[in-house]
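Asks: Supplied in structure tokens, the structure appears directly below.
The values are calculated or read from the model by the stated rules, or taken from the named source; none is laboratory data. Keep in mind that what you see is a predicted model, and the values were worked out from it rather than measured. FYI the Cβ positions are ideal-geometry reconstructions off the backbone, even for glycines, and counts take in every protein chain you see.
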Amino acid sequence: MKTILLVGNPNVGKSAIFSRLTGVNVIASNYPGTTVEYTKGYMRINNEKVAVIDIPGIYTLEATSEAERIAVKMLEKEINDENDIIVNIIDSTNLERNLSLTLQLIKLRVPLIVCLNFWDETKHTGIQIDVDKLEEILGVPVIPTCGITGEGIKQLHSRISEAKTSSFEFEEEEKWLKIGEIVENVQTLTHRHHTFWERLGDASIKPITGFPIAIAILLLSFYIIRTVGESLIGYVFEPLFEKLWSPLILKLSSLLGSTGFVHNVLIGKLVDGEIDFVESMGLLTTGLFVPIAMVLPYIVAFYLVLSFLEDSGYLPRLGVLVDSFMHKLGLHGLSIISMLLGVGCNVPGALGTRILESKRERFIASTIMAIAIPCMAQIAMIIGLVGQYGAYGLSLVFGTLFIVWIVLGIILNLTLKGESPEIFVEIPPYRFPYLKALLKKVWMRIIMFVKEAVPYVLIGVFIINILYALHVFEFIGNIASPIVKGILGLPKEAVGALIIGFLRKDVAVGMLVPLQLTMKQMVIASVVLTMYFPCIATFAILIKELGVKKMIQAAIIMIISSLTVGAILNLIL
Amino acid sequence: MEDIKLTDLKSGERAIVVAINGGMGLKRKAEAQGLRVGVKLTKLTEHFLRGPITIRINNITIAFGYGIAQRIIVKRLSEKEE
């Protein structure tokens, strides 16, 4: 099949154009390295079905990072038919730098078409580009576009078949000279004043103003996430379950005779003749309530805030601010982006570490994330359950995890051979997020969560019922009692939560409720559940990204550190 | 004007890149992001404790570590030379 490859520098809007061309929704953000995976979609050109591939951003065909190496390999692998086309997407506000890749692509002698993306931004940045002249010089079609709003996409679509091999000739040594000549010929700059966004951009990266701004943004983010999450739970989801769902389930319960195996699997145990959505442990009660009414509201709230931060362009600036600190953990500042993605879900967090240069950094980043960063599903459950003991309990859990994150990072940095590479990153301009694109992205992430989480939670609840019925928890609990009871100070029944934690950590936290734990035990259990092992989805990704050998090393670190931290908490609290 | 390290340039000052002292890896990476001998840059910020440096070339803002900045040799530009 004929293939169209979207190729361009990082953060020039390839993913937005990909979504426009194929109708396939992909995550697009405002920082270099959003796309680290291969995305394929299809479109029709003159009634012919054509494959479209979104290649992760590259500055040059001579790769300088792991993400670039993967991207260049994809590019080489995918160009195999003489009909294949490269659509080179260019940031119009940075013509000179972007043309460097264009000239390299021209040398591949593949039919080419050039998109001048972010065309809308040239107006207020005082840049004028003579499109016809650029088309004439390069000898391939050049089309101004704005992927986010869709401007120019129709034209791109209708002219794709005009793509052709450029006859532009140049010697490698005179590449920059040639680029200079082209830019001179087609671009006119008019003087303009600095915009508000540029001033804000500079202020948020200077240490003196940057740190207060970062703290303010962080606090505001927490506040918004909590308010939105709590409101959704309190005003929408809890009333829905209590007022509408509960009476229906109670009717079903009496139909099933209020007891028996089927009743227990579907509805679970009634507490004082009523449904307790956290404790009942039935597929239709806890199985739905945990993912939808306890976790989903926080997922919505978190991704609203994260997506706004991503699209605004703030995250790389935060990366620069925390760079010196992150070096103590053997990482550089950009790894903070993977960590923030990990707060949503460890899976994209682990994939996000591909923007880091060395294997050592990726190992440190994935390991400390998998150990010390609970995902939003687990955080939501911890807030719901530990939060009952007040803010003190919560600060103990998250404070401990934060200290573990730092200490483990420092230890790994000191013990692993090699050093951490320095940060080298392009800082994108601030952009006010385009509301429609932002909401679409949040929606995609919610759908992804519902598709992933609900089935796993249901499977989890089902397995819990089976294992209870077979007395498996009791059996393992007795064996593990010296560790669980002796070292961690938890009742042996807590072993059930640790077993189910392999599958889904949110359900695992929920399993602690019937155990009537003290605050101290609840804190220890929450911390240990976060640290001891990743959930199955994260585990699978880590094996793929780190390899089996490194994953075993990471797992050993996880088990040792979780027992150590649990034991320390048990002693000092 | 004498050649100085980028780390010795003050925030807000303009300069022209004279040399990049590094291996092919660094040179290629720098060039890929638009930083190469002969381009004019503005130093935007520096961070204490040998933290990262931010510069602007045309419309591009780039940040990199102190160690890299030490290996970039520049010449200050006066108003006249612009």
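Asks: What residue, of B:Ile16, B:Ile68, B:Ile20, B:Ile73, is within 11 Å of the chain's Cα centre (by Cα) and facing chain A (nearest Cβ under 9 Å)?
Replies: So the residue among B:Ile16, B:Ile68, B:Ile20, B:Ile73 that is within 11 Å of the chain's Cα centre (by Cα) and facing chain A (nearest Cβ under 9 Å) is B:Ile68.
Asks: Against the conditions (1) in contact (Cβ under 8 Å) with a residue 40 or more places away in the chain; (2) crowded, with 18+ Cβ neighbours inside 10 Å; (3) under 30 Å from B:Leu41 (Cβ atoms), where does A:Thr60 fall short? Just the number, please.
Replies: Against the list (1) in contact (Cβ under 8 Å) with a residue 40 or more places away in the chain; (2) crowded, with 18+ Cβ neighbours inside 10 Å; (3) under 30 Å from B:Leu41 (Cβ atoms), A:Thr60 comes up short only on (2).
Asks: Mind checking which residues of region A:85-127 are hydroxyl-bearing (Ser, Thr, Tyr) and farther than 14 Å from A:Gly8 by Cβ?
Replies: A:Thr122, A:Thr125
Asks: On the given criteria, is A:Leu220 surrounded by 16 or more Cβ atoms within 10 Å (Cβ to Cβ) and modelled with pLDDT of 95 or more? It would help to see each step written out before you state the result.
Replies: Numbers: surrounded by 16 or more Cβ atoms within 10 Å (Cβ to Cβ): no; modelled with pLDDT of 95 or more: yes.
The answer is no for A:Leu220.
Asks: Working only within region A:51-67, note down all residues that are facing chain B (nearest Cβ under 9 Å) and of a type outside the set (Gly, Ala, Ser).
Replies: A:Ile58, A:Tyr59, A:Thr60, A:Glu62, A:Thr64
Asks: Looking at region A:22-31, which of its residues are of a type in the set (Ser, Thr, Tyr) and in contact (Cβ under 8 Å) with a residue 60 or more places away in the chain?
Replies: A:Ser29, A:Tyr31
Asks: Inspect region A:78-93 for any residue being assigned to a helix (DSSP H, G or I), assigned by TED's automatic domain parsing to the domain that holds A:Ile148 and at pLDDT 90 or above and give the result as yes or no.
Replies: yes
Asks: So, one more: Which of the residues spanning region A:415-453 are part of a loop (DSSP other than H, G, I, E, B) and within 14 Å of another protein chain (Cβ to nearest Cβ)?
Replies: Hits for region A:415-453 are A:Glu419, A:Ser420, A:Pro421, A:Glu422, A:Ile423, A:Pro428, A:Pro429, A:Tyr430, A:Arg431.
Asks: Within region B:40-57, can one find any residue that is out of contact with any strand residue (DSSP E or B) (no Cβ under 7 Å at 6 or more places or on another chain), within 26 Å of A:Gln187 (Cα to Cα) and either more than 12 Å from chain A (Cβ to nearest Cβ) or at pLDDT below 95 (or both)?
Replies: So the first thing to find is which residues in region B:40-57 are out of contact with any strand residue (DSSP E or B) (no Cβ under 7 Å at 6 or more places or on another chain), and the list is B:47-51.
Checking the rest, the ones that are also within 26 Å of A:Gln187 (Cα to Cα) come to none.
No, the conditions are met nowhere in region B:40-57.
Asks: Something else about it: Condition (residue is touching a Phe, Trp or Tyr at 6+ places or on another chain (Cβ under 9 Å), surrounded by 18 or more Cβ atoms within 10 Å (Cβ to Cβ) and part of a loop (DSSP other than H, G, I, E, B)) applied to region A:505-522: is it met by at least one residue?
Replies: No, the conditions are met nowhere in region A:505-522.
Asks: Restricting to region A:353-362, what's the tally of residues that are crowded, with 24+ Cβ neighbours inside 10 Å and more than 14 Å from chain B (Cβ to nearest Cβ)?
Replies: 1
Asks: Right, something else. Can you work out which of the residues in region A:232-263 that are surrounded by fewer than 16 Cβ atoms within 10 Å (Cβ to Cβ) and touching a residue at least 40 places away in the same chain (Cβ under 8 Å) is farthest from A:Ser307 (Cα to Cα)?
Replies: A:Phe261
Per-residue answers, yes or no, for (1) under 17 Å from A:Ala377 (Cα atoms); (2) not small (Gly, Ala, Ser):
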| position | (1), (2) |
| --- | --- |
| A:Thr227 | yes, yes |
| A:Leu240 | no, yes |
| A:Ser253 | no, no |
| A:Leu256 | no, yes |
| A:Thr259 | no, yes |
| A:Lys269 | no, yes |
| A:Asp276 | no, yes |
| A:Thr285 | no, yes |
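Asks: When A:His191 is evaluated against the numbered criteria (1) out of contact with any helix residue (DSSP H, G or I) (no Cβ under 6 Å at 6 or more places or on another chain); (2) assigned to a helix (DSSP H, G or I); (3) within 14 Å of chain B (Cβ to nearest Cβ), which criterion, by number, is the only one it fails?
Replies: Unmet condition: (2).
Asks: I'm trying to understand the selection: among the residues of region A:32-57, which are of a type in the set (S, T, N, Q) and in contact (Cβ under 8 Å) with a residue 24 or more places away in the chain?
Replies: Result: A:Thr34, A:Thr39, A:Asn46.
Asks: If you don't mind, another one. Only one of these conditions is not met by A:Val186: (1) out of contact with any Asp or Glu (no Cβ under 8 Å at 6 or more places or on another chain); (2) buried (at least 16 other Cβ atoms within 10 Å of the Cβ). Which number is it?
Replies: Result: A:Val186 passes all but (1).
Asks: How many residues, within region A:149-161, are over 15 Å from A:Arg44 (Cα atoms) and either touching a residue at least 40 places away in the same chain (Cβ under 8 Å) or assigned to a strand (DSSP E or B) (or both)?
Replies: 3
Asks: Among the residues in region A:196-207, are any farther than 22 Å from A:Arg317 by Cβ, among the basic types (Lys, Arg) and not assigned by TED's automatic domain parsing to the domain that holds A:Pro429?
Replies: no
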